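Colleague: I am attaching a structure below and will ask some questions about it afterwards.
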């Protein structure tokens, strides 16, 4: 009995010291998991965060010719969405590996310092890098350049949506629904901002299957259907590649 008691005490002390140290050694991972991934009329906005996130990631993958899964994993490991937009834009322009650019951003403290010696196109992004803007503002400039370049929004529509307070995720999803419904994107955003509907309901009306958003977005960006997981699309590299 005494042996059992001391053995239990020993293991109790061992666990007390070992587990906290082990926990500190595990890198922080941001959870990007969604429990709701389908539209439920009983909870119309329940899956909206998922619809917004997956459409944004699908657009990112199509625009830069990378696998959507790789972007999701990077975010799960703590990469900021703003940094990913800027890093992959600069990588597409310069040919430098985006991971290297992300590390440089960390070392130098700003994207402005990283971009000094890189070749860039895109008026909005170039102007942003040359001025004192936040990473969030620079990421917005990248998204806007891509939305215009792939003709997902016109200049006036894009400006109007931004002035109305639309986020990048909302602008991307509104563009997809607009393309499939052949109705103005501003119309859908105002319905959302006014609380009259949800993104899930709009997707349902447009007959867009949430499970096929990646294929829908790839087709919208490149004009041809793309299988899920297909990373054969080449990255955007110059001003002339509008479609």
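Please treat every number below as a calculation from the coordinates, not as lab data. Because the structure is a prediction, the values reported are computed rather than measured. Neighbour counts run over all protein chains shown; Cβ positions are idealised from the backbone, glycine included.
Colleague: For the residues 84, 146, 118, what sequence is obtained by ranking on other C-beta atoms within 10 Å, fewest first? Kindly include the intermediate steps, with their values, before the conclusion.
Modeller: Numbers: 84 21, 146 25, 118 15.
So the residues, fewest neighbours to most, are 118, 84, 146.
Colleague: Beyond 18 Å, what percent of the Cα pairs of segment 47-181 remain?
Modeller: On the way: 4807 of 9045 pairs.
Tail of the P(r) past 18 Å holds 53 percent of the pairs.
Colleague: Fewest Cβ neighbours within 10 Å first, please rank 35, 134, 45 accordingly.
Modeller: Working: 35 8, 134 12, 45 17.
Lowest count first: 35, 134, 45.
Colleague: Also: Would you mind ranking 153, 222 by Cβ crowding within 10 Å, fewest neighbours first? Before the final figure, lay out each step's value.
Modeller: Values: 153 23, 222 16.
If I rank by nearby Cβ atoms, fewest first, I get 222, 153.
Colleague: Continuing with the same structure: Could you give the length gained by full extension between residue 187 and residue 77, i.e. 0.36 nm per residue of separation minus their alpha carbon distance, to one decimal place? Write out the running numbers ahead of the final one.
Modeller: Values: separation 110, 0.36 × 110 = 39.60 nm, distance 3.60 nm.
Residue separation times 0.36 nm, minus the Cα-Cα distance, leaves 36.0 nm.
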